[in-house]
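Beneath this line is the structure, given in structure tokens, with notes to follow.
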């Protein structure tokens with residue numbers, strides 16, 4: 001992985017680093033929403049929602065389309081939905097007590113780490 005790619009990935013992860021932004025993205029995964037709809041769903045204040053949307057837009061996780069006097073926000077593309085899906089799956093597995101995904105059984109062996117060393 002190049003330094004530049006690592007930087008871009010870390011930047012994207014930063015944008016996902018607060019529950020309020022993740023909740024907004026979760027709403028937008030269902031369908032596009034106006035700011036007013038996001039306020040109603042999340043219970044957040046209008047300035048907070050607008051601030052989070054600006055940050056998500058700056059990180060190319062959402063797009064806005066003007067419809068009359070309102071802006072309608074949607075996920076930037078299907079990759080954002082996939083990223084959320086995978087993060088949700090990972091968090092659900094952690095909550096259920098699973099340690100590793102069966103999809104990558106050789107990952108620790110390839111790195112030369114024992115299970116106890118990999119756990120920290």
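What follows is calculated from the coordinates using simple rules that are stated; it is not laboratory data. Just so it is clear, the model here is predicted, and its values are computed rather than measured. Here Cβ is always computed from backbone atoms with ideal geometry, including for glycine, and neighbour counts include all displayed protein chains.
With neighbours defined as other Cβ atoms within 10 Å of a residue's Cβ, the residues 69, 31, 23 order from fewest to most as 69, 31, 23. Distance from the Cα centroid of segment 4-23 to that of segment 58-101 is 11 Å (rounded to whole angstrom).
A full extension of the chain between residue 94 and residue 31 corresponds to an added length of 20.0 nm, given 0.36 nm per residue minus the alpha carbon distance. Sorted on the mean count of surrounding Cβ atoms within 10 Å across their residues, most packed first, peptides 74-86, 54-66, 6-18 read 54-66, 74-86, 6-18. Every Cα-Cα pair in segment 3-100 was counted, and those over 22 Å apart are 32% of them.
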